[in-house]
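To keep things clear, I will list the structure first and then write my remarks on it.
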Amino acid sequence: MDTVTIDGESLRLKDLMLVARQNYKVVLSEAAKKSIIESREYVDRLVQEGRVVYGITTGFGEFSKVSIAKEEAELLQKNLIVSHACGVGNHLPLDSVRALMLLRANALSKGFSGIRLETVQTLIDMLNAGISPAIPEKGSLGASGDLAPLSHMVLPLLGLGEAYYKGELLPGAEAMKRAGVTPAVLTSKEGLALINGTQVMTGVGALALYDGLNLLKLCDIAAALTFEALNGVTDAYMPDIHGIRPHAGQIDTASNLLRLLEKSERVTKAGELRVQDAYSLRCVPQVHGASKDALRYVAGKVAIEMNAVTDNPIILADRDMAVSGGNFHGQPMALSFDFMGIALAELANISERRIERLVNPTLSGGLPAFLTEQGGLHSGFMIAQYSAAALVSENKVLAHPASVDSIPSSAGQEDHVSMGTVAARKARDIYFNVSRVAAIELFAAAQAIDLSPKFKGKRLGKGTQAAYDMIRCAVDTVTSDRELYLDFNKVAALIDTNKIVEAVEAAVGELQ
């Protein structure tokens with residue numbers, strides 16, 4: 001069945017992708033329902049007893065000093081949502097919205113939030129019905145969680161705000177009506193439970209991570225194809241030298257490259273054409289491998305955060321406590337997504353240098369200048385390298401860490417924030433730029449293979465042949481100047497749909 005069951009404990013990155021991009025339905029486990037109900041019963045008792053508990057019987061932030069009467073509980077929670085919905089900018093992509101809705105429901109299902117079961121179910125019903133709240137992508141400090149964007153998530157749940165339904169942007173109430181979902185009326189603690197968390201940064205960052213992990217394989221493939229075009233020296237990929245510097249990513253990348261190049265008649269040994277290659281070819285295992293290690297670290301952090309409680313206050317019913325802590329602070333994700341952005345940017349840095357070696361006649365070992373046989377009349381791939389260089393330069397700005405900044409808020413009560421959502425969005429944008437640089441490299445490498453003067457007609461490796469064939473199914477060899485951006489877009493589409501990686505892995509087995 002096309003469903004994902006959530007219990008607050010076992011959600012995986014793959015499950016997130018199925019819900020966010022393949023519209024799998026979401027179901028609450030019976031254990032989660034029990035935990036939610038027990039947590040809510042404790043909150044109701046706190047309210048009845050009139051205890052002073054942050055966000056339940058008090059205001060928020062600096063207004064935590066203000067006590068709220070029981071009869072004003074519903075208005076307090078509604079006011080929280082409408083006042084905190086202060087996002088700006090373009091709306092988040094629909095897959096990001098679905099991801100963050102799933103993550104928020106999963107966090108609530110752990111039973112430490114004090115929300116009612118019917119309110120959690122309404123959020124899940126919206127997700128299953130295809131209602132995607134219109135959430136501006138900017139405006140979160142990343143502590144106290146993603147307050148502004150998550151408030152926009154909640155607005156349609158209340159029959160307010162805006163939401164996308166069946167491709168149309170509608171008033172929230174109309175979207176709920178068309179989908180047959182009844183809006184909720186929030187009571188004590190529920191507004192805070194819905195918006196005090198890190199699910200926006202985690203959702204956006206998790207999608208970028210998933211794509212980035214696939215892009216790591218794709219970049220190995222692109223490097224191998226360029227290696228073929230430039231008749232690289234395979235000695236640098238020998239297992240012996242990587243085993244004595246045993247970084248896992250480095251070892252895996254060297255292994256990938258040798259598998260991709262197996263049976264090639266175009267690669268060389270030291271001394272046949274040259275003694276050694278430039279770093280952009282020789283050091284692919286070290287550079288790509290370091291990025292692999294970085295993304296694997298991030299994947300571990302994301303796996304924790306996807307199943308974490310990031311509320312405030314946290315309801316510990318079995319200990320008769322409602323604790324005001326700091327689990328909403330996004331620092332673990334902020335640092336991780338900054339790290340991911342840097343690691344992804346490096347893939348484009350080295351890819352662009354390989355593109356330069358393909359188009360520059362002083363570096364390419366005999367290939368025609370700019371990969372055109374009629375240079376002068378035709379410019380060939382001259383400006384393709386410009387575009388790659390521009391994307392790499394933009395990444396250098398984007399890769400500056402967001403997490404090193406903090407601006408105090410809420411009258412100094414919230415005096416250190418993570419900027420984690422900015423870090424996640426930047427990592428997403430860096431991923432896009434890297435994927436387009438990789439598309440240019442693949443296209444240029446295939447062109448160079450077709451024009452290779454010394455090895456024309458020689459066999460490619462098992463993996464590189466599969467990649468080359470896939471590229472040639474999408475774009476033809478460039479024999480005269482044409483609108484290359486159309487070709488770039490076709491190759492990029494192969495990357496976005498993961499078809500090149502799939503074709504290559506069908507030929508050589510799963511890459512690491």
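Quick rundown of the values:
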| quantity | calculated |
| --- | --- |
| Selected residue [surrounded by fewer than 23 Cβ atoms within 10 Å (Cβ to Cβ), modelled with pLDDT under 95 and under 31 Å from the mean Cα position of the chain (by Cα)] from GLY50, GLY89, GLY61 | GLY61 |
| Residue in region 463-470 that is assigned by TED's automatic domain parsing to the domain that holds VAL359 and either assigned to a loop (DSSP other than H, G, I, E, B) or touching a strand residue (DSSP E or B) at 6+ places or on another chain (Cβ under 7 Å) (or both) present | no |
| Qualifying residues in region 464-510 (those that are without any contact (Cβ under 8 Å) to a residue 24 or more places away in the chain and of a type in the set (A, V, I, L, M)) - the one farthest from ALA222 (Cα to Cα) | LEU486 |
| Residue satisfying all of: in region 322-361; surrounded by 24 or more Cβ atoms within 10 Å (Cβ to Cβ) and in contact with an Asp or Glu (Cβ under 7 Å, 6 or more places away or on another chain); nearest to ALA423 (Cα to Cα) among these | MET333 |
| Qualifying residue in region 436-455 (condition: surrounded by fewer than 24 Cβ atoms within 10 Å (Cβ to Cβ), closer than 30 Å to GLY139 by Cα and assigned by TED's automatic domain parsing to the domain that holds SER351) | yes |
| Subset tally (residues that are assigned to a helix (DSSP H, G or I), hydrophobic (A, V, I, L, M, F, W, C) and touching a Phe, Trp or Tyr at 6+ places or on another chain (Cβ under 9 Å)) for region 235-284 | 7 |
| Extreme residue, nearest to ASN196 (Cα to Cα), among residues of region 66-87 that are outside any loop (DSSP other than H, G, I, E, B) and small (Gly, Ala, Ser) | SER83 |
| Region 408-421 residues that are at pLDDT below 90, paired with ones that are part of a helix (DSSP H, G or I) and among the hydroxyl-bearing types (Ser, Thr, Tyr) (beta carbon under 9 Å, 6 or more apart) | GLN413/SER64 |
| Residues that are among the charged types (D, E, K, R) and more than 30 Å from THR497 (Cβ to Cβ), drawn from region 1-56 | ASP7, GLU9, GLU30, LYS33, LYS34, GLU38, ARG40, GLU41, ASP44, ARG45, GLU49, ARG51 |
| Any hit, region 105-118, residues being part of a strand (DSSP E or B), modelled with pLDDT of 95 or more and buried (at least 23 other Cβ atoms within 10 Å of the Cβ) | no |
| Counted residues, region 422-463 - those being more than 14 Å from ALA223 (Cα to Cα) and of a type in the set (A, V, I, L, M) | 6 |
| Single residue of region 353-389 satisfying the filter (among the aliphatic types (A, V, I, L, M) and in a loop (DSSP other than H, G, I, E, B)) that is nearest to the chain's Cα centre (by Cα) | LEU363 |
| Helices (runs of 4 or more DSSP H) wholly inside region 124-196 containing at least 1 residues that are surrounded by fewer than 24 Cβ atoms within 10 Å (Cβ to Cβ) | 147-157, 172-179 |
| Residue check for THR182: β-branched (Val, Ile, Thr) and modelled with pLDDT under 95 | no |
| Filter result (in contact (Cβ under 8 Å) with a residue 24 or more places away in the chain and farther than 22 Å from HIS288 by Cα) within region 378-403 | HIS378, SER379, GLY380, PHE381, ILE383, ALA384, ALA402, SER403 |
| Options VAL392, VAL397, VAL434, VAL404: the member that is assigned to a loop (DSSP other than H, G, I, E, B), under 29 Å from GLN250 (Cβ atoms) and at pLDDT 95 or above | VAL404 |
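Every residue, every condition in (1) in the same structural domain as GLN121 (by TED's automatic domain parsing); (2) surrounded by fewer than 16 Cβ atoms within 10 Å (Cβ to Cβ); (3) charged (D, E, K, R), yes or no:
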| site | (1), (2), (3) |
| --- | --- |
| ASP15 | yes, no, yes |
| GLN22 | yes, yes, no |
| LYS34 | yes, yes, yes |
| GLU41 | yes, yes, yes |
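Results for (1) under 27 Å from the mean Cα position of the chain (by Cα); (2) in contact (Cβ under 8 Å) with a residue 12 or more places away in the chain; (3) over 30 Å from GLU49 (Cα atoms), shown as yes or no for each residue.
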site	(1), (2), (3)
GLN77	no, yes, no
VAL82	no, yes, no
ARG98	yes, yes, yes
MET101	yes, yes, yes
ASN106	yes, yes, no
GLY114	no, yes, no
ILE124	yes, yes, yes
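The rows are residues; the columns are (1) out of contact with any Leu (no Cβ under 9 Å at 6 or more places or on another chain); (2) touching a residue at least 60 places away in the same chain (Cβ under 8 Å); (3) among the basic types (Lys, Arg); (4) surrounded by fewer than 23 Cβ atoms within 10 Å (Cβ to Cβ).
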{"site": "LEU257", "(1), (2), (3), (4)": "yes, no, no, no"}
{"site": "LEU261", "(1), (2), (3), (4)": "no, yes, no, no"}
{"site": "GLU265", "(1), (2), (3), (4)": "no, yes, no, yes"}
{"site": "LEU273", "(1), (2), (3), (4)": "yes, yes, no, yes"}
{"site": "GLN276", "(1), (2), (3), (4)": "yes, no, no, yes"}
{"site": "ARG282", "(1), (2), (3), (4)": "yes, no, yes, yes"}
{"site": "GLN286", "(1), (2), (3), (4)": "yes, no, no, yes"}
{"site": "SER291", "(1), (2), (3), (4)": "no, yes, no, no"}
{"site": "GLY300", "(1), (2), (3), (4)": "yes, no, no, yes"}
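The values are calculated or read from the model by the stated rules, or taken from the named source; none is laboratory data. Since the model is a prediction, treat every value here as computed from it, not as a measurement. Virtual Cβ from ideal backbone geometry, glycine too; neighbours counted across all protein chains shown.
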